[in-house]
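Starting off with a structure, shown below.
Each value in this text was obtained by applying a stated rule to the coordinates, not by laboratory testing. Values in this document were obtained by computation on a predicted structure and should not be read as measured data. Here the Cβ positions follow ideal geometry from the backbone for every residue, glycine too, while neighbour counts run over all protein chains shown.
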Amino acid sequence: MAGTAGALAATVALFTPGIVLMLAISRQYGRFRDDHHAQRFLAGVNPAVVGLILSAALLLGRSALVSWHGYALLAVSFCLLAGLRWPPVFMLVIGAAAGYHGLLP
């Protein structure tokens, strides 16, 4: 709505709470790493997080994968992430470049 400044403000507003929460949790993680109750809690939370991520991927995939270009980018990204263990930031750069150059609808 407000151009680049609005996009930056929205991005900061979207990511700041999660980043602050992760910083707070990560500082306390060392304290509870060996706690049996904390390990059991995390063992229960992990499958829920995986389910949420898969659900989001399916919802976003339906609207994002509309051409063979999208499926090709998905396959390349999966191979680079899972097979070659590339950092996810490279997938973001590749996707942004593909969108910028008009390879994706």
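Which one, L42, L23, G61, is farthest towards the positive end of the dipole of the chain when Lys and Arg carry +1 and Asp and Glu -1 on their Cβ?
Sorting the options by dipole projection puts first L42.
With N set to the number of residues, divide the alpha-carbon radius of gyration of the chain by 2.2 N^0.38 Å and report two decimals.
1.40
Along the principal axes of its C-alpha atoms, what lengths does the range 37-85 span, in descending order and rounded to whole Å?
Principal extents (Cα only, largest first): 47, 26, 7 Å.
How big is the charge dipole of the chain about its Cα centre, in debye rounded to the nearest 20, if each Lys and Arg gets +1 on its Cβ and each Asp and Glu gets -1 on its Cβ?
The calculation lands at about 140 debye.
Could you give the length gained by full extension between A75 and Y100, i.e. 0.36 nm per residue of separation minus their alpha carbon distance, to one decimal place?
Gain on stretching A75 to Y100: 7.1 nm.
Would you kindly calculate the mean projected area, averaged across all directions, of the convex hull enclosing the Cα atoms of the range 65-105, in square nanometres?
Result: 2.6 nm².
Per-residue ellipticity at 222 nm for the chain, helices alone: DSSP H runs ≥ 4 residues times -39500 (n - 2.57), over residue total, nearest 500 deg cm²/dmol? Could the numbers behind the result be given before it?
Numbers: 4 runs with 83 residues, N = 105.
Per the formula, -27500 deg cm²/dmol.
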